[in-house]
1. Give region 47-74 a look and list any residue that's assigned to a strand (DSSP E or B) and in contact with a strand residue (DSSP E or B) (Cβ under 6 Å, 6 or more places away or on another chain), or say none.
2. Quick one: how many residues across region 27-61 are closer than 17 Å to residue 13 by Cα and at pLDDT 95 or above?
3. Applying the selection to region 1-17, what residues are out of contact with any helix residue (DSSP H, G or I) (no Cβ under 6 Å at 6 or more places or on another chain) and surrounded by 12 or more Cβ atoms within 10 Å (Cβ to Cβ)?
4. Could you tell me which residue of region 75-101 is modelled with the highest pLDDT, considering only residues that are farther than 20 Å from residue 35 by Cα and part of a helix (DSSP H, G or I)?
5. Quick check: anything in region 51-72 closer than 21 Å to residue 7 by Cα, surrounded by fewer than 11 Cβ atoms within 10 Å (Cβ to Cβ) and free of Cβ contacts under 8 Å to residues at least 60 places away in the same chain?
6. Output the qualifying pairs, or none if there are none: Cβ atoms under 6 angstrom, residues six or more apart or on different chains, first residue in region 12-39 and closer than 26 Å to residue 64 by Cα, second residue in a loop (DSSP other than H, G, I, E, B).
7. What single numbered condition from (1) in contact with a strand residue (DSSP E or B) (Cβ under 8 Å, 6 or more places away or on another chain); (2) modelled with pLDDT of 95 or more; (3) in a helix (DSSP H, G or I) fails to hold for residue 19?
């Protein structure tokens, strides 16, 4: 019998140069589009923080760890990685979900 996998949430933020944040986000649009088309992706967003000019919020929701790993590959490309000044992003394994709507 196959092992059941929990949903995975990736959440946190990165910090980039405030003067380059809009360009960074524009460069991430193709990553967001690709992720949202990937099997097992339930939600994926990279967005500007409303109060911190250098902060970029990260939120991903995946059906399973297998789906995350299939999409993730080697992680961000060098161009995106070089723009990141600091990061606080974590993965969470979710065993149960309660809808609030």
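1. The answer is 47, 55, 56, 57, 58, 59, 60, 61, 62.
2. Adding up the residues that qualify gives 19.
3. Across region 1-17, the qualifying residues are 6, 7, 9, 10, 11, 12, 13, 14, 15, 17.
4. 83
5. no
6. 14/84
7. For residue 19, the failing item is (1).
The values are calculated or read from the model by the stated rules, or taken from the named source; none is laboratory data. Computed from a prediction, not measured in an experiment: that's the story for all the values here. Glycine gets a Cβ as well: all are built from the backbone with ideal geometry, and neighbour counts include every protein chain shown.
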